[in-house]
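Shown next, in structure tokens, is the structure this report addresses.
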Amino acid sequence: MRLRPALFQRAAELRPNDYRSLGFLATAYKILGDRDQAMAAARRCFERVEAAVKLHPDNAGALAFGAIALAELGQTQQAED
């Protein structure tokens, strides 16, 4: 199976409030060894997570994705919080 980051990118474009596709995009770039793109996708993912949590503070899925994105961005203490 071949990773296709472009498909996750397209999904993120089609659903501008969806943080999951950007989380998967960050993971795909990480697996492919493209650290810069992985970090950029993780930052965008976290921005969308923040918006989702603002609307629904009890959204466990968004909180989990946010913690993963923060960890990828090197903000481990904030991710644990």
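Computed from the coordinates by the stated procedures, all read-outs in this text should not be read as laboratory data. Quick caveat, the model's predicted, so the values are computed rather than measured. Note that each Cβ is placed from the backbone with ideal geometry, even for glycine, and that neighbours are counted across all protein chains shown.
The modelled label-to-label distance between residue 56 and residue 43, using points 7 Å beyond Cα along the C-beta direction, is 2.8 nm.
As a calculated quantity, the FRET efficiency between residue 81 and residue 11 at R0 = 35 Å, using C-beta atoms, amounts to about 0.75. The stretch between residue 18 and residue 63, if pulled fully straight at 0.36 nm per residue, gains 14.9 nm over its current Cα-Cα span. Helix 60-72 and the long axis of the chain differ in direction by around 60°, with both axes built from C-alpha atoms.
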